[in-house]
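The values are calculated or read from the model by the stated rules, or taken from the named source; none is laboratory data. Model, not experiment: these values are computed from the prediction. Cβ placement follows ideal geometry from the backbone for every residue including glycine, while neighbour counts extend to all protein chains displayed.
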Amino acid sequence: MVPLSSFSFFCRRIFREQGGWNSQIPKLLPADVKIAHKTGSITGVQHDAAILELPNGNRYVLVILSKNLADVAAGKETIAQISRLVFEYVSGKPDER
């Protein structure tokens, strides 16, 4: 049996390496934030769930679910903006872009 801590590390590594799917939660965050996330979509629906690790080692989980999207690009952008607002709150860092 694999220890839970090893399995957890393995899962986070897989989700961190999911390149090319960074148009939602990671999009507007600083490069030094480690993000392990999984996106999902079907017609009119976009989701992203993430474990985020700040440079100071603090972590938080963010899950954003949507439905009935008429404009997928706008939905993804809104998810990215929500993610940025949550990051600013959790990290105590105002928007520095």
Point to revise | the stretch 81-90, subset out of contact with any strand residue (DSSP E or B) (no Cβ under 9 Å at 6 or more places or on another chain) and not aromatic (Phe, Trp, Tyr), residue surrounded by the most Cβ atoms within 10 Å (Cβ to Cβ) | key: 84
Study note, to complete from the structure: Within the stretch 36-70, restricting to residues that are touching a Lys or Arg at 6+ places or on another chain (Cβ under 7 Å) and hydrophobic (A, V, I, L, M, F, W, C), the one that is farthest from residue 88 (Cα to Cα) is 45
Exercise for review: Among the residues of the stretch 19-55, write down those that are more than 22 Å from residue 70 (Cα to Cα) and over 8 Å from the mean Cα position of the chain (by Cα).
Suggested key: 19, 20, 28, 29, 30, 31, 32, 33, 34, 53, 54, 55
Review point. Among all residue pairs at least 6 apart or on different chains, which show Cβ distances below 6 Å where the first residue, located in the stretch 37-55, is exposed (fewer than 14 other Cβ atoms within 10 Å of the Cβ) and the second is among the aliphatic types (A, V, I, L, M)?
Key: 44/69
Exercise for review: Give the stretch 53-97 a look and list any residue that's among the polar types (S, T, N, Q), under 20 Å from residue 32 (Cα atoms) and part of a helix (DSSP H, G or I), or say none.
Suggested key: 81, 83, 91
Study note, to complete from the structure: Apart from one, (1) part of a loop (DSSP other than H, G, I, E, B); (2) touching a strand residue (DSSP E or B) at 6+ places or on another chain (Cβ under 9 Å); (3) not hydrophobic (A, V, I, L, M, F, W, C) all hold for residue 39; the odd one out is (1)
Practice item. Would you check which residues across the stretch 58-76 are exposed (fewer than 14 other Cβ atoms within 10 Å of the Cβ) and closer than 15 Å to residue 87 by Cβ and list them? Key: 58, 59, 61, 63
Revision key, fill the gap. Going through the stretch 16-35 in order, the residues found to be under 14 Å from residue 83 (Cβ atoms) and modelled with pLDDT under 90 are 21, 22, 23
